[in-house]
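Read the figures in this text as sums done on the coordinates, not as results from a lab. In this text, all values refer to a predicted model and were calculated from it rather than measured experimentally. Here the Cβ positions follow ideal geometry from the backbone for every residue, glycine too, while neighbour counts run over all protein chains shown.
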Amino acid sequence: MARQDKLKLGTFVYTFGFNPAAWRHPAADVNGANKIDHLLNVAKISEAAKFDFMFLADSPAAAIGDADALARSPTKMNRFEPLSLISALSVLTEKLGFVATASTSYYEPYNIARIFASVDHLSGGRACWNVVTSDHDETGYNYNYDGLPPHSWRYERGSEFVDVVFGLWDSFEPDALILDKAAGLYHDKDKLHLLNHKGKHFQVRGPLNIAASPQGRPIIAQAGGSEAGMELAARTAEIVFSLASNLERNKAFAENVKGRMAKYGRATSDLKMMPGVVLNVGETKAEAQAKVDFLIDNLHPDVGRWMLGEFLETDLSGAALDEPFPMERLPAEPKGSKALFEELTDYIKQGHTLGHLIRHYAEKSTGNGITGTPTEIADFMEEWFEAGAADGFILMFPTLPASLEDFVRLVLPELRRRGLFREEYEGKTLRENLGISMPVNRYAAARKG
């Protein structure tokens with residue numbers, strides 16, 4: 001039976017687009033990394049299309065490695081801090097949600113709770129925190145660590161971190177503000193609560209000094225295919241970002257995560273599985289492929305080696321492009337997402353040359369890219385949606401705004417013709433538009449007995 005809900009869609013944002021050569025596209029504004037106009041344009045296009053959100057990926061560090069390659073690749077070298085950016089974009093838009101990445105390894109819970117609550121108020125309930133534990137050594141060097149702390153430590157700290165943030169977001173009960181000018185009473189003292197958290201990693205008294213969020217609390221997004229990551233997602237996440245390369249694998253991942261939710265008293269409808277997908281669309285297959293070829297032809301070999309090596313956490317500088325991938329350089333275990341690492345290493349083990357692998361990654365990321373006509377892309381999305389492998393997609397456009405505009409012009413009408421995507425927003429908040437229930441304030445619930 002066909003699903004009764006609609007696809008959820010988000011625009012994934014690296015400044016110029018997902019492809020490292022995107023800044024060389026004829027339509028790219030090379031000054032866009034430091035101009036709000038460029039990213040506001042991306043937000044406006046996404047909002048006019050009725051997308052659910054704009055997803056700001058981030059790493060709070062410049063990349064390290066091959067200096068010659070990095071001089072040709074601006075993605076990590078010049079970018080806005082995302083929380084500052086969404087604060088600005090949120091007051092220049094009306095319905096579009098904003099997902100910003102912030103690491104539990106390098107912030108304090110009180111900072112995150114206060115900033116995201118503030119953005120949620122500024123936006124009228126459209127903020128989302130993408131919870132990450134960070135996955136590259138380069139970040140740790142900026143935060144008093146000698147590289148990246150161990151995976152188990154990061155997830156243990158991250159789990160407690162989220163609990164503290166949730167507790168702080170509950171500081172004010174929803175009806176705590178009395179605002180009685182005549183009586184001179186601003187809030188009900190009995191409905192403002194200390195947290196008094198004392199744990200292994202954090203000691204936080206509270207309360208948070210901002211009223212309850214318009215959404216109850218901001219939406220939580222998360223990615224991570226490890227056991228710890230899936231458990232954290234089942235317990236806390238409302239959007240899960242995945243990059244599985246085939247329907248069956250992603251369906252199994254979705255069922256695994258959602259199957260854990262009941263023990264936390266959560267309904268599966270309150271979690272949206274949203275795979276990331278790299279889209280190259282043209283009116284014909286040949287036109288779509290030409291767009292791919294242009295970007296890959298403009299991808300310098302040094303950037304290609306660095307791009308792949310950065311994801312695989314290995315140094316590929318100097319490796320021959322016309323020979324098989326040097327397996328001796330592949331780490332035994334990833335520091336970042338295990339699921340995404342396995343996707344690409346499966347492909348590596350098929351014996352492709354390094355040059356062919358770089359081309360594959362540039363076009364398809366970890367295997368989830370699709371190049372085709374509007375009908376082919378709509379077919380792909382409908383199949384995954386109806387099979388339960390996806391509740392929507394985070395669209396990783398190779399160039400911005402050009403690829404986004406192509407999707408809106410060519411694919412969106414076909415999705416709407418099939419009844420798969422909304423004509424208008426369902427509400428004003430991100431939680432309403434995603435169809436996710438309001439969280440219950442712990443103190444208000446206890447008061448009701």
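Details
- What you get for the chain, charging only the Cβ of Lys and Arg (+1) and of Asp and Glu (-1), is a dipole of about 1480 debye around the Cα centre.
- Seen from N196, the other residues with C-beta closer than 14 Å to its C-beta sum to a net charge of +1, counting Lys and Arg as +1 and Asp and Glu as -1.
- By the rule of a C-alpha distance below 27 Å, with chain neighbours fewer than 8 residues away ignored, the lysines paired with K181 are K189, K191.
- Cα→Cβ-extended label distance, 7 Å offset, between E255 and N144, nm: 4.6 nm
- Maximal additional length on extending the A387-N196 stretch stands at 64.3 nm, based on 0.36 nm per residue less the C-alpha distance.
- Of the cross-linked pairs K8/K258; K6/K251; K6/K285; K8/K44, those separated by over 21 Å at the C-alpha level are K6/K285.
- Euclidean distance of C-alpha centroids, region 183-234 and region 109-128, integer Å: 11 Å
- Close Lys pairs in region 330-449 (alpha-carbon distance under 30 Å; sequence gap of 8 or more, or different chains): 6.
- Beta bridges by DSSP in the chain, antiparallel share as percent, to the nearest 5: 15 percent
- Relative to the current alpha-carbon distance between A27 and A48, full extension at 0.36 nm per residue lengthens the span by 5.6 nm.
- For region 73-217, averaging the sequence separation of C-alpha pairs within contact (under 8 Å, six or more residues apart) and dividing by the residue count gives a relative contact order of 23 percent.
- Rounded to the nearest 0.05, the FRET efficiency derived from the C-beta distance between L92 and H187 at R0 = 45 Å is 0.90.
- Zone of D379's modelled label, taken as backbone nitrogen in region 288-309 under 16 Å from a point 7 Å along Cα→Cβ: 288-289
- Cross-link reach list, aspartates and glutamates versus K76, counting only Cα pairs under 16 Å and skipping chain neighbours closer than eight places: D58, D66, D68, D135, D137, E138, D302, E310, E313
- At R0 = 45 Å, FRET efficiency that the Cβ-Cβ distance of S317 and Q4 yields, to 0.05: 0.30
- Straight Cα distances below 20 angstrom link K198 to the aspartates and glutamates E108, E156, E160, D163, D170, with same-chain residues fewer than 8 positions distant left out.
- Relative contact order of the chain: 23 percent, from C-alpha pairs under 8 Å at least 6 residues apart in sequence.
- Over the residues of the chain, the helix contribution to mean residue ellipticity at 222 nm works out to -11500 deg cm²/dmol, using -39500 (n - 2.57) for each DSSP H run of at least 4.
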